[in-house]
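A.B. asks: Here it is: the structure, laid out below.
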């Protein structure tokens, strides 16, 4: 499936596009940094899904969805935003937004939702697809609406992982040490290092030793996505 990434922050746009490209069955159809640019991409490219930031420099993301619906386009939309306003969520649902993904998010979070969306599409668009009962309708919707939890190693929490991930994504180019990450997140160094090593193990961060004049090298962690 072809995905259009619409995100005004170039760093986030690149990360989201990379995430999409790493999920089997999905490909990036284009990257747009504004509503107008997204409109131009949609005019010339076939797109199955839009990964849409809601706060764009030339208008709200939902205004793009309204325009698409008014023109008869039925392209599905994942809203990607840091906003927690449930009124916006409700409005998005009324326009056919199929998922709301809160920033910052990790690759496993988006991968899970994309895979569920793919299963939903397969179930509902296959030739002759027809529900034989209310239970089948409920199961189809549950596939889309109830994302499975990403299982974390014992002792790690999703909330702290999101905080460490956000901190690492906005770190300087040279990266952060575990001590620096701990100070920014508000945890101890050992805890920060556990989360950083988890991100290294899942391919979302890299670990690089930097050698000083004496003693053991200091480990720096950089976001990879």
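The values are calculated or read from the model by the stated rules, or taken from the named source; none is laboratory data. Small disclaimer: the values here were computed from a predicted structure and weren't measured. Counting neighbours? That spans all protein chains shown, and the Cβs are built from the backbone with ideal geometry, glycine included.
A.B. asks: Check off (1) over 16 Å from the mean Cα position of the chain (by Cα); (2) under 24 Å from residue 170 (Cβ atoms); (3) surrounded by fewer than 16 Cβ atoms within 10 Å (Cβ to Cβ) for residue 56 and give me the number that stays unchecked.
C.D. replies: Just one mismatch for residue 56, condition (3).
A.B. asks: Go through region 38-47 and give me each residue that's under 16 Å from residue 59 (Cβ atoms) and touching a residue at least 12 places away in the same chain (Cβ under 8 Å).
C.D. replies: 38, 39, 41, 42, listed by residue number.
A.B. asks: Take residue 205 and tell me if it is touching a helix residue (DSSP H, G or I) at 6+ places or on another chain (Cβ under 6 Å) and over 18 Å from residue 106 (Cβ atoms).
C.D. replies: no
A.B. asks: Select, from 31, 20, the only residue that is surrounded by 13 or more Cβ atoms within 10 Å (Cβ to Cβ) and either modelled with pLDDT under 90 or within 26 Å of residue 124 (Cβ to Cβ) (or both).
C.D. replies: After applying the criteria, what remains is 20.
A.B. asks: Sticking with this one: Which of (1) more than 18 Å from residue 4 (Cβ to Cβ); (2) exposed (fewer than 15 other Cβ atoms within 10 Å of the Cβ); (3) at pLDDT 85 or above does residue 91 not meet, given it meets every other one?
C.D. replies: Failing condition for residue 91: (2).
A.B. asks: If you take the residues of region 47-84 that are part of a loop (DSSP other than H, G, I, E, B) and modelled with pLDDT under 90, which of them is farthest from residue 32 (Cα to Cα)?
C.D. replies: 84
A.B. asks: Within region 145-156, how many residues turn out to be in contact with a helix residue (DSSP H, G or I) (Cβ under 9 Å, 6 or more places away or on another chain) and at pLDDT 70 or above?
C.D. replies: 4
A.B. asks: Further question: I'd like to check something: does region 32-48 contain any residue that is under 21 Å from residue 112 (Cα atoms) and touching a helix residue (DSSP H, G or I) at 6+ places or on another chain (Cβ under 9 Å)?
C.D. replies: Among the residues of region 32-48, at least one is under 21 Å from residue 112 (Cα atoms) and touching a helix residue (DSSP H, G or I) at 6+ places or on another chain (Cβ under 9 Å), which makes the answer yes.
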